[in-house]
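Here's the structure, in structure tokens; my notes come after.
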Amino acid sequence: MLARKYLCALAACASAIAIGAVATTLAANPVAPNAPTGESVKPAYCLMAFSKDICDGYLMDGFGYSYTCSTGTTDCASLHVEGATLKLSLKSNSELCDCSTFGDCGRCDESPKLDGTLVGLVNYDLRLNRPCPYRGCLDGDASFTTVSGAVFRGTITGTLGVGTHRKIACHTLHQRDCETCLDTELIADTDPATWRIGTELVFKGIRADIDTGEELCFSLSGDFFTPAADDGSIADPMTYRTFTGAADGVHLDPCS
């Protein structure tokens with residue numbers, strides 16, 4: 001019986017050593033066991049911080065129409081727009097980050113040479129019926145051209161009028177209550193009154209003017225502003241909309 005226990009103990013120790021060796025190997029070289037090999041492996045990148053302010057942007061033109069319809073249980077009014085122009089000017093954010101964790105501050109934007117202009121040809125749908133109007137979705141092709149002439153081409157997609165930084169019915173270590181599920185607001189004390197429509201978008205593109213393998217991936221959070229009518233609705237759903245906000249993400253720079 002003791003011999004049997006001894007053998008079992010040896011087996012358990014061997015298993016633990018083997019598991020420890022595997023864990024150490026994975027920690028040193030964190031590649032999935034079934035990761036692709038050869039030419040299919042994505043090249044190694046340095047991920048450089050990308051953080052920009054957007055103080056000059058707009059959404060305009062395009063062809064659109066509004067309509068009413070019913071699902072059988074719900075009556076609704078919607079707007080559909082195609083081929084609208086989205087143009088955003090991105091300039092470097094000078095703030096610092098991570099100053100309290102390790103003592104040395106980092107820069108929010110490690111890519112100041114990648115200031116530039118994002119231009120997209122987009123389609124979007126917007127809810128017009130109440131309650132909770134002016135939420136929707138947007139998507140299209142876009143290109144980002146830096147001040148030095150580098151061009152990244154890709155896609156842009158996201159939501160209009162909704163807030164995901166909201167309170168959730170889950171235990172969390174981080175307080176989330178800076179938005180509600182509907183991120184729209186009628187600002188009545190401007191002349192004329194103005195609707196604010198919160199926006200959350202994502203752009204992902206690859207370097208197109210030169211085959212460097214570089215990629216850009218960043219999210220955009222901000223607001224569209226458009227005039228309100230006397231009855232409190234949007235004056236013209238197709239009208240020119242200005243945009244201010246932020247773009248934050250990473251520049252994937254291939255290692256040499």
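Derivation of every value follows stated rules applied to the coordinates shown; laboratory data play no part. None of the values given here were measured: they were computed from a predicted structure. Counting neighbours? That spans all protein chains shown, and the Cβs are built from the backbone with ideal geometry, glycine included.
Run the quick spin-label model on K167 and T242: label points 7 Å from Cα toward the beta carbon, then report their separation in nm to one decimal.
3.3
At what distance in angstrom do the alpha carbon centres of region 180-225 and region 41-102 lie from each other?
Using only Cα atoms to place each centre, the spacing works out to 3 Å.
Specify whether the C-alpha gyration tensor of region 137-256 places it in the rounded, prolate or oblate class, a ≥ b ≥ c being the square roots of the eigenvalues: rounded for a/c under 1.5, otherwise prolate if a/b is larger than b/c and oblate if not. Before the final figure, lay out the partial values.
Working: a/c = 3.07, a/b = 1.52, b/c = 2.03.
Oblate shape, in that a/c is at least 1.5 and b/c is the bigger or equal ratio.
Could you sort 183-189, 70-76 so that the peptide with the highest average Cβ count within 10 Å comes first and the rest follow in order?
Numbers: 183-189: 14.4, 70-76: 7.9.
Peptide ranking by packing, descending: 183-189, 70-76.
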